[in-house]
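Written below as structure tokens is the structure these notes are about.
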Amino acid sequence: MIQSMTGYGKTVLQLSTKKITIELKSLNSKNLDLNVRIPSYYREKELDIRKELAATLERGKIDFSIYIENNGEEVSSKVNENTVKAYMNQLRKIVDASDIELLKIAVRLPDTLKTEREELDEEEWKQIEIGMHEAIVEINKYRSDEGLVLLNDFELRISNIQNLLEQVIELDPERIEQVREKLKKGVEELEAKVDQNRFEQELIYYIEKLDITEEKVRLKNHLDYFKLALRSDDSNGKKLGFITQEIGREINTIGSKANYANMQKLVVQMKDELEKIKEQNLNVL
């Protein structure tokens, strides 16, 4: 069953000291385009994240984010007491001021705050991995739901083209007869002597050039193959794109050979349906 490349998944983990939000967004793209935004202390896990996303999401413009919201019990920046005291001792030698005034000056000077790098907690990371898998399940469900909408639209468009093809097939004998009559009338208007046998031979040759039997058969086969590919176990937008190209080639050939206004109108309608298929197929995984 086909899947859309558009999707969204989100998981929220509430830990003892922080809230962790894991978010996945996906849009259509020709290839896999991964953008990972995570806190610096998770960077050593970035390669594992990318491998997991590439294996499970396959294709699309994918944004993966981890947001951390501390509950206030943990503070990563701390006062560098030794540095502050050293500044205050030096300032006493320069100005006569109270300790409060000296402290106000000292804390504004460089290196009075030190930021401790938070280390990766493996137990915490195991919970994040579980949350990430839940987000992946959610985004894949979203993609499948969107894929069902696309599938219904594709089947409608293909059925429309098949119906138009049936009309082309029904119209074909009338087209050939009109081409024959048009050529005969043109010759008669010339008021010239014509070898009837030679004329019939040339007429047959010309009509054979306009014959669309092969195109009708190939187009029908391509349409059936497209519908079969829609229901296959995997979702392969590129494969559907190749079939669409073949469908377009046969429709264009029928149009170029038509030489009959009523048939050309049907061809225009087929092209319109095919363009809608092409546009939607850009979203298929």
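The values are calculated or read from the model by the stated rules, or taken from the named source; none is laboratory data. Here the structure is a predicted model, which means the values were calculated and not measured. So basically every Cβ, Gly included, is an ideal-geometry build from the backbone, and we count neighbours across all protein chains shown.
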Residue check, residue 6 within 31 Å of the chain's Cα centre (by Cα) and of a type in the set (Ser, Thr, Tyr): yes
Residue list for the stretch 224-245, filter: more than 11 Å from residue 1 (Cα to Cα), among the hydrophobic types (A, V, I, L, M, F, W, C) and without any contact (Cβ under 8 Å) to a residue 60 or more places away in the chain: 242, 243
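Criterion first (in the same structural domain as residue 101 (by TED's automatic domain parsing) and loosely packed, with under 13 Cβ neighbours inside 10 Å) does residue 82 satisfy it?
Considered against the rule, which asks whether it is in the same structural domain as residue 101 (by TED's automatic domain parsing) and loosely packed, with under 13 Cβ neighbours inside 10 Å, residue 82 comes out as yes.
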Test: residue in the stretch 30-37 that is touching a residue at least 40 places away in the same chain (Cβ under 8 Å), in contact with a Leu (Cβ under 9 Å, 6 or more places away or on another chain) and of a type outside the set (Asp, Glu): no
Matching residues in the stretch 10-51 - criterion: being farther than 21 Å from residue 120 by Cβ and among the charged types (D, E, K, R): 10, 25, 30, 33
Pairs, first farther than 15 Å from residue 221 by Cα in the stretch 148-166, second among the hydrophobic types (A, V, I, L, M, F, W, C) and loosely packed, with under 14 Cβ neighbours inside 10 Å, C-beta under 9 Å, six or more apart: 148/1; 151/1
Selection from the stretch 230-278 of residues that are basic (Lys, Arg) and either assigned to a helix (DSSP H, G or I) or touching a Pro at 6+ places or on another chain (Cβ under 7 Å) (or both): 238, 239, 249, 257, 265, 271, 276, 278
Elements of type strands (runs of 3 or more DSSP E) in the stretch 1-106, at least 2 residues being at pLDDT 90 or above: 7-14, 18-27, 32-37, 60-70
The stretch 218-228, residues that are surrounded by 18 or more Cβ atoms within 10 Å (Cβ to Cβ) and either more than 19 Å from residue 150 (Cα to Cα) or at pLDDT below 95 (or both): 219
Residue match in the stretch 241-252 (condition: under 13 Å from residue 168 (Cα atoms), of a type outside the set (D, E, K, R), in contact with a helix residue (DSSP H, G or I) (Cβ under 6 Å, 6 or more places away or on another chain) and surrounded by 15 or more Cβ atoms within 10 Å (Cβ to Cβ)): yes
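Residues checked against (1) out of contact with any strand residue (DSSP E or B) (no Cβ under 6 Å at 6 or more places or on another chain); (2) exposed (fewer than 13 other Cβ atoms within 10 Å of the Cβ); (3) aromatic (Phe, Trp, Tyr):
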position: 124; (1), (2), (3): yes, no, no
position: 133; (1), (2), (3): yes, no, no
position: 139; (1), (2), (3): no, no, no
position: 142; (1), (2), (3): no, no, yes
position: 152; (1), (2), (3): yes, yes, no
position: 160; (1), (2), (3): yes, no, no
position: 165; (1), (2), (3): yes, no, no
position: 172; (1), (2), (3): yes, no, no
